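Below: one structure, written as structure tokens.
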Amino acid sequence: MEALKPLEPTPTTTAISITFAAALLLFTIGFILPTFRQWYRLRHVPGPFLNSITSLVYARRTLKDGSAQYVYDLCKKYGPLVRVTPNIVVFSDAQTFRYVCSPKANYTKGLWFEFSRWDLERWSCIAMRDNESRKERKRRLIPAWSGPGLAMMEERVDARVREFVGLVERKYVSTAPGEGVKPMEFGHRAQFFTLDVATGVTFGKPFGFMERDGDVNRYLEITEVMLPMFGILGALPQLVYAMHAWPLNKLMPGAGDKVGFGVLMKFAEDEVQKRLQPGDKNSELDLIRAYLKNGIEPEDVVQECITLVVAGSETTSVVLRMALLALLTTPEAYRKLQAEVDAYYNKANHKRDDSDVISYADAKELKYLWAVIRETMRVWPNGAGLSFSKQVPDTGDTIHGYYLPKGTEIAQCMLGVTRDKALFGPDVEIWRPERWLEATPERADEMWAAVELGFSTGKYICLGKQVALMELGKWFTEIFGDYDIAPVNNVSPLKLVDGVTWLSSNFWIRFTRRN
Ligand code: HEM
């Protein structure tokens with residue numbers, strides 16, 4: 001066969017070669033060099049190689065199966081500091097957590113937090129990344145959460161607990177075998193309760209999720225779409241720049257919307273305005289009035305109101321759901337909690353049909369109840385995926401012997417913190433409230449100090465911590481005093497995905513009245 005003669009260059013082949021060379025050059029400048037630079041600055045931190053060059057590994061994993069267990073597995077495999085994406089490293093110990101959140105470390109909030117900006121002209125405390133501005137804002141927020149403010153919140157929580165009982169009585173008491181079963185999907189009802197608490201303490205009156213026994217203004221529907229996105233954004237926080245720029249910023253929720261967050265914004269704006277009217281005679285204490293009194297500008301109060309509703313609802317619902325699931329699947333614990341609640345009502349001569357809800361002070365005395373709540377927050381901590389990340393200051397820092405240049409984002413592996421065998425015992429993977437009662441008081445305090453990091457600490461500490469604990473303590477005492485609860489689907493009581501938070505669905509339960 002005749003050999004092919006090499007082609008003479010023609011204008012066409014030359015053009016193709018030049019185009020190819022230019023594309024290669026652009027690719028190198030636009031992709032390979034930045035990727036190399038990114039990889040190089042943290043090349044000494046252990047972790048899977050692919051994760052060190054692209055965030056897509058983590059993002060894909062989050063979309064597929066959730067992220068908490070994945071990050072936890074990486075920490076177990078690679079040690080105390082792991083590179084999970086090109087610019088995010090993760091630690092899994094309580095000591096580093098406290099250090100990063102302490103004022104002296106001078107870290108700032110990570111880029112992730114900018115997703116909690118609803119109005120791009122204003123800042124809420126949770127989204128603020130500048131340390132000095134947020135310190136000043138938090139100083140003005142804190143007083144509203146203690147003394148008379150906390151007493152007001154307790155009254156509002158009581159009212160919502162009574163409303164939950166009212167909802168069960170109205171629609172969900174199964175009177176077997178006569179009228180049959182009236183199942184409740186508790187995943188959503190837990191949120192109705194926490195959303196009504198959060199809106200009740202903020203605006204003085206709840207949005208009415210429980211009253212309607214349904215979504216209000218499609219708020220939940222929209223949140224459910226957004227929550228998995230928060231997981232992805234954990235890996236790719238740079239997306240915030242795109243989302244906050246034209247044209248995507250036009251798609252952000254706004255006070256003119258008919259559904260979702262926009263309605264919440266409009267509601268918050270109206271409520272703040274009402275309290276600013278000279279004719280406003282109502283002086284009933286609520287968070288809006290307290291914030292305005294502490295000198296926060298009205299437009300910023302609106303931002304704080306929205307934060308409160310978002311921060312206070314899904315977080316507390318997770319503990320309600322997971323504690324109930326754990327109790328339903330651990331008969332010994334279920335019986336012990338019920339016995340403790342009964343003993344409380346018998347001792348205090350507190351009739352179950354009494355409209356009084358247990359006081360927070362009394363609830364704190366129920367030792368098994370708190371063991372249940374603490375153990376639940378230990379096994380299913382909030383913020384278990386790559387969320388709440390912080391940024392290394394301009395000076396850089398060394399963590400666990402690894403130098404981290406400025407701008408590196410650092411996050412906690414919550415499962416690593418709350419499943420530390422040295423602190424909690426060899427059976428850390430098991431939900432067992434007894435561990436809290438078996439421990440010496442000093443050890444139990446140390447254990448709680450690690451688990452309560454779920455509420456963050458130092459300059460970032462959750463403002464609603466006491467309200468959340470109050471809700472949980474009161475809800476379980478009231479409901480366990482009044483009802484027996486059982487799952488409807490014994491094979492698979494609920495569907496769970498571990499993301500930024502523990503997303504569950506299809507949690508069907510049935511209530512029967514106790515005699
Ligand atoms: C079990 C329930 C809860 C958990 C685990 C939780 C957790 C957290 C965490 C981790 C943060 C800090 C994030 C950070 O800046 O790094 C936070 C902040 C916050 N939480 Fe909670 N939270 C819970 C319930 C609540 C409730 C019930 C409310 C209000 C009714 C609330 C209101 C807030 C507010 C206002 C902030 C912002 C504080 C700031 O900007 O410094 N939280 N929460």
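The values are calculated or read from the model by the stated rules, or taken from the named source; none is laboratory data. What you see is a predicted model; the values in this text were computed from it and never measured. Here the Cβ is made from the backbone with ideal geometry for all residues, glycine too, and neighbour counts use every protein chain on show.
Away from the ligand (no atom under 16 Å from the Cβ) and either closer than 22 Å to Lys171 by Cβ or modelled with pLDDT of 95 or more (or both): does that describe Gly454?
On the way: away from the ligand (no atom under 16 Å from the Cβ): no; either closer than 22 Å to Lys171 by Cβ or modelled with pLDDT of 95 or more (or both): yes.
Judged against the criteria, Gly454 is not a match.
Read through the list (1) exposed (fewer than 13 other Cβ atoms within 10 Å of the Cβ); (2) in contact (Cβ under 8 Å) with a residue 12 or more places away in the chain; (3) in a helix (DSSP H, G or I), then give the number of the only condition that Ala242 fails.
(2)
Arg122 fails exactly one of the following numbered conditions: (1) within 30 Å of Pro103 (Cβ to Cβ); (2) at pLDDT 95 or above. What is the number of that condition?
All conditions are met except number (2).
So which residues in the stretch 361-392 are aliphatic (A, V, I, L, M) and touching a residue at least 60 places away in the same chain (Cβ under 8 Å)?
The initial filter retains those residues of the stretch 361-392 that are aliphatic (A, V, I, L, M), namely 361, 363, 366, 369, 371-373, 377, 379, 384, 386, 392.
Once the filter is applied, which keeps residues that are aliphatic (A, V, I, L, M) and touching a residue at least 60 places away in the same chain (Cβ under 8 Å), the stretch 361-392 yields Ala363, Leu366, Leu369, Ala371, Val372, Ile373, Met377, Ala384, Leu386, Val392.
Any chance the stretch 139-160 includes a residue that's more than 14 Å from the ligand (Cβ to nearest atom), touching a Lys or Arg at 6+ places or on another chain (Cβ under 9 Å) and more than 21 Å from Asn294 (Cα to Cα)?
Within the stretch 139-160, one or more residues are more than 14 Å from the ligand (Cβ to nearest atom), touching a Lys or Arg at 6+ places or on another chain (Cβ under 9 Å) and more than 21 Å from Asn294 (Cα to Cα).
Per-residue answers, yes or no, for (1) at pLDDT below 95; (2) more than 16 Å from the ligand (Cβ to nearest atom):
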residue	(1), (2)
Arg432	no, yes
Arg443	no, yes
Ala450	no, no
Lys465	no, no
Thr477	no, yes
Gly481	yes, yes
Asn489	yes, yes
Val500	yes, no
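Of everything in the stretch 93-125 that's within 16 Å of the ligand (Cβ to nearest atom) and of a type in the set (S, T, N, Q), which residue is surrounded by the most Cβ atoms within 10 Å (Cβ to Cβ)?
Result: Ser124.
Could you tell me which residue of the stretch 186-215 is farthest from Lys258 (Cα to Cα), considering only residues that are in contact (Cβ under 8 Å) with a residue 40 or more places away in the chain and away from the ligand (no atom under 15 Å from the Cβ)?
Per the criteria, the residue is Phe186.
Looking at the stretch 126-146, I want the residues that are touching a residue at least 12 places away in the same chain (Cβ under 8 Å) and have a partner that is loosely packed, with under 13 Cβ neighbours inside 10 Å and part of a helix (DSSP H, G or I) with Cβ atoms under 9 Å, at least 6 apart or on another chain. Which pairs are those?
If the second residue must be loosely packed, with under 13 Cβ neighbours inside 10 Å and part of a helix (DSSP H, G or I), the pairs left are Asn131/Pro103; Lys135/Pro103.
Given the conditions (1) more than 30 Å from Val467 (Cβ to Cβ); (2) within 20 Å of the chain's Cα centre (by Cα); (3) without any contact (Cβ under 8 Å) to a residue 60 or more places away in the chain, which single one is not true for Thr35?
Every condition holds for Thr35 apart from (2).
Would you mind telling me which numbered condition in (1) of a type outside the set (A, V, I, L, M); (2) in a helix (DSSP H, G or I); (3) within 24 Å of the chain's Cα centre (by Cα) Pro206 fails?
The single condition Pro206 does not satisfy is (2).
Sort through Val301, Val319, Val263 and tell me the only one that's under 20 Å from Asp196 (Cα atoms), out of contact with any Gly (no Cβ under 8 Å at 6 or more places or on another chain) and surrounded by fewer than 22 Cβ atoms within 10 Å (Cβ to Cβ).
Val263
Give all pairs with beta carbons closer than 6 Å in which a residue from the stretch 471-488 that is within 25 Å of Thr199 (Cβ to Cβ) meets a residue that is assigned to a helix (DSSP H, G or I) and more than 16 Å from the ligand (Cβ to nearest atom); count only pairs at least 6 apart in sequence or on separate chains.
Thr477/Val341
Do we have Ala326 as at pLDDT 95 or above, closer than 17 Å to Leu469 by Cα and surrounded by 14 or more Cβ atoms within 10 Å (Cβ to Cβ) here?
Answer is no for this residue.
To keep it simple, each residue is scored yes or no on (1) of a type in the set (Phe, Trp, Tyr); (2) under 16 Å from the mean Cα position of the chain (by Cα).
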| site | (1), (2) |
| --- | --- |
| Lys459 | no, no |
| Ala468 | no, yes |
| Gly473 | no, no |
| Trp502 | yes, yes |
| Thr512 | no, no |
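Go through the residues of the stretch 129-137 one by one and say whether even a single one is more than 18 Å from Gln391 (Cβ to Cβ), within 14 Å of the ligand (Cβ to nearest atom) and buried (at least 16 other Cβ atoms within 10 Å of the Cβ). Please lay out each step first, then the result.
Initially, the stretch 129-137 is screened for residues more than 18 Å from Gln391 (Cβ to Cβ), giving 136-137.
Subset that is within 14 Å of the ligand (Cβ to nearest atom): 136-137.
From the residues that got through so far, the ones that are buried (at least 16 other Cβ atoms within 10 Å of the Cβ) too are 137.
Checked the stretch 129-137: at least one residue is more than 18 Å from Gln391 (Cβ to Cβ), within 14 Å of the ligand (Cβ to nearest atom) and buried (at least 16 other Cβ atoms within 10 Å of the Cβ).
Regarding Val57, is this residue touching a residue at least 40 places away in the same chain (Cβ under 8 Å), among the β-branched types (Val, Ile, Thr), part of a helix (DSSP H, G or I) and touching a helix residue (DSSP H, G or I) at 6+ places or on another chain (Cβ under 8 Å)?
no
Which pairs turn up if I take residues in the stretch 393-419 that are more than 26 Å from Gln69 (Cβ to Cβ) and look for partners that are among the hydroxyl-bearing types (Ser, Thr, Tyr) and assigned to a strand (DSSP E or B) with beta carbon separation below 8 Å, at least 6 apart in sequence or on another chain?
Note: pairs meeting the criteria are Pro393/Thr108; Gly396/Tyr403; Asp397/Tyr403.
Mind telling me which of the residues Val392, Val372 ends up being away from the ligand (no atom under 14 Å from the Cβ), out of contact with any His (no Cβ under 6 Å at 6 or more places or on another chain) and at pLDDT 95 or above?
Checking each option against the conditions leaves just Val392.
Among the residues that make up the stretch 300-311, is at least one of them more than 9 Å from the ligand (Cβ to nearest atom) and without any contact (Cβ under 8 Å) to a residue 60 or more places away in the chain?
Scanning the stretch 300-311 turns up at least one residue that is more than 9 Å from the ligand (Cβ to nearest atom) and without any contact (Cβ under 8 Å) to a residue 60 or more places away in the chain.
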